[in-house]
Amino acid sequence: MIECDNLVKIYKTRDLEVLALQGLDLKVEDKELMAVIGNSGSGKSTFLNLLGGLDRPSAGKLYVDGRDLFRMTEAELVEYKKNTVGFVWQNNARNLLPYLTAWENVMTPMLFTPGNNKKKKERALELLEMVGLSHRKNNRLNQLSGGEQQRVAIAIALANSPKLLLADEPTGSVDRNTSDYILDVFRELNENMGITIVIVTHDQGLAKKVNRVVSIRDGKTSSERIMKNDYIEKMKDSDFSWHDVGETQEEYAVLDRAGRLQIPEELLDRLGIKGNKVKLEYNNGKITIEKPEGDN
Ligand SMILES: Nc1ncnc2c1ncn2[C@@H]1O[C@H](COP(=O)(O)OP(=O)(O)OP(=O)(O)O)[C@@H](O)[C@H]1O
Ligand SMILES: [Mg+2]
């Protein structure tokens, strides 16, 4: 569904250039549910905006659903945004119209597609049901809680039946239970409708509950955590609950196409490595990294 290779995004302002993505490599399979984590300013929203066709990449390769986002004309990009991707924004105010009801909000994107009004109303209600909010359909947005508004935002993003759903901090300002509920909604959409979902989050709790988590550091992927197989089995169990689960994922460092590796800062600290050189050695099927002699 997503293939990006050495993806670069540079923001130019009058007297400054910001390298928001510096050669990001990432593949996301069709029907995957995955999360992207990273510190503030590491390039997460930038990446999502490029995927969503809201911003243009500066260099590298970016394919979504077999289409080259680099080569797309403006008209193709509009078509892409209308038909292929759904977007849940980091800032709720950008998702929703406060003076309309939940139902009207979900109908809004459908106003721009052909079809009769009755069908659209039914579809909007279906979507509200999917996110568990049909009982609040006639409430205006300012009468809904933050978590409920976030669910309306998800319903809106689904209005055009996207193949790819992008969510930027969808649980940014909600409590643990609401966050679990929103994750369940994503899981259902992923499993039942086969939508590929990429969630950007700061929320370590949420990140533990998806099949794959990619960490971005300084605009590059640095490590990946993958759900252990026995958890994937356990989750299928009808009594499965996220409460009291231990380590669900295994961590891997990411090797880029040139064989470069980012060593987690924590490990460098533990080895006491301060310079820019390390000793590599191969023995017994393992590569070890050592602090060079004389490096204090
Ligand atoms: N439109 C822009 N113009 C200039 N610089 C930008 C623009 N958008 C983002 N940046 C810069 O690019 C870098 C990456 O920003 P981005 O918004 O992708 O970070 P983020 O990982 O989403 O952070 P957060 O977790 O705080 O949302 C930052 O240094 C940011 O200041
Ligand atoms: Mg962001």
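The values are calculated or read from the model by the stated rules, or taken from the named source; none is laboratory data. Note that the structure is a prediction, hence the values are computed from the model and not measured. Glycine also receives a Cβ, built like all others from the backbone with ideal geometry; neighbour counts cover every protein chain displayed. These area figures cover heavy atoms from the full protein model, side chains too; ligands, DNA and RNA do not enter into them. Shrake-Rupley method; radii C 1.70, N 1.55, O 1.52, S 1.80 Å.
I'd like to know if segment 235-243 contains one or more residues that are assigned to a strand (DSSP E or B) and not hydroxyl-bearing (Ser, Thr, Tyr). Looking through segment 235-243, none of the residues is assigned to a strand (DSSP E or B) and not hydroxyl-bearing (Ser, Thr, Tyr).
For segment 116-135, the set of residues classified as over 27 Å from the mean Cα position of the chain (by Cα) and either open to solvent by 30 Å² or more (accessible area, probe 1.4 Å) or without any contact (Cβ under 8 Å) to a residue 12 or more places away in the chain (or both) consists of Asn116, Asn117, Lys118, Lys119, Lys121, Glu122, His135, listed by residue number. For the residues Gly53, Gly38, Gly66, the requirement of being on the phi > 0 side of the Ramachandran plot and open to solvent by less than 10 Å² (accessible area, probe 1.4 Å) singles out Gly53.
Which residue out of Phe87, Phe47 is open to solvent by less than 10 Å² (accessible area, probe 1.4 Å), modelled with pLDDT of 90 or more and within 16 Å of ligand 1 (Cβ to nearest atom)?
Values: Phe87 fails: open to solvent by less than 10 Å² (accessible area, probe 1.4 Å).
Result of the check over Phe87, Phe47: Phe47.
Out of all the residues in segment 160-170, which are part of a loop (DSSP other than H, G, I, E, B) and within 13 Å of ligand 1 (Cβ to nearest atom)? Please lay out each step first, then the result.
The first filter runs over segment 160-170 and keeps only residues part of a loop (DSSP other than H, G, I, E, B), leaving 160-163, 169-170.
Correct list: Glu169, Pro170.
Taking the options Ile37, Ile10, Ile2, name whichever one is within 16 Å of ligand 2 (Cβ to nearest atom) and either of a type outside the set (Lys, Arg) or within 27 Å of Thr248 (Cα to Cα) (or both).
Details: Ile10 fails: within 16 Å of ligand 2 (Cβ to nearest atom); Ile2 fails: within 16 Å of ligand 2 (Cβ to nearest atom).
Residue meeting the stated conditions: Ile37.
Filtering segment 122-138 for residues that are in the same structural domain as Glu32 (by TED's automatic domain parsing), closer than 16 Å to Ile199 by Cβ and away from ligand 1 (no atom under 16 Å from the Cβ) leaves a non-empty set. Looking at this structure, is Tyr231 closer than 29 Å to Gly43 by Cβ, in a helix (DSSP H, G or I), assigned by TED's automatic domain parsing to the domain that holds Leu96 and open to solvent by 50 Å² or more (accessible area, probe 1.4 Å)? Considered against the rule, which asks whether it is closer than 29 Å to Gly43 by Cβ, in a helix (DSSP H, G or I), assigned by TED's automatic domain parsing to the domain that holds Leu96 and open to solvent by 50 Å² or more (accessible area, probe 1.4 Å), Tyr231 comes out as no.
So how many residues does segment 250-270 have that are assigned to a helix (DSSP H, G or I) and surrounded by 14 or more Cβ atoms within 10 Å (Cβ to Cβ)? Of the residues in segment 250-270, 1 are assigned to a helix (DSSP H, G or I) and surrounded by 14 or more Cβ atoms within 10 Å (Cβ to Cβ).
Quick one: how many residues across segment 165-181 are within 21 Å of Gly52 (Cα to Cα) and either surrounded by fewer than 22 Cβ atoms within 10 Å (Cβ to Cβ) or of a type in the set (Lys, Arg) (or both)? Explain how you work it out, then say what you get.
Taking segment 165-181 first, the residues within 21 Å of Gly52 (Cα to Cα) are 165-172.
Now restrict to residues that are either surrounded by fewer than 22 Cβ atoms within 10 Å (Cβ to Cβ) or of a type in the set (Lys, Arg) (or both): 169, 172.
Total meeting the criteria: 2.
Determine whether Glu188 is acidic (Asp, Glu) and either outside any helix (DSSP H, G or I) or in contact with a His (Cβ under 9 Å, 6 or more places away or on another chain) (or both).
Spelling it out, it is not the case that Glu188 is acidic (Asp, Glu) and either outside any helix (DSSP H, G or I) or in contact with a His (Cβ under 9 Å, 6 or more places away or on another chain) (or both).
From the list Leu271, Leu267, exactly one residue is closer than 23 Å to Lys208 by Cβ and not assigned by TED's automatic domain parsing to the domain that holds Lys209. Which is it? The match here is Leu267.
Within segment 27-66, being more than 24 Å from Gln204 (Cβ to Cβ), within 19 Å of the chain's Cα centre (by Cα) and in a strand (DSSP E or B) holds for Lys61, Leu62, Tyr63, Val64. Please verify whether Val78 is open to solvent by less than 60 Å² (accessible area, probe 1.4 Å) and part of a helix (DSSP H, G or I), treating the condition exactly as stated. The answer is no for Val78.
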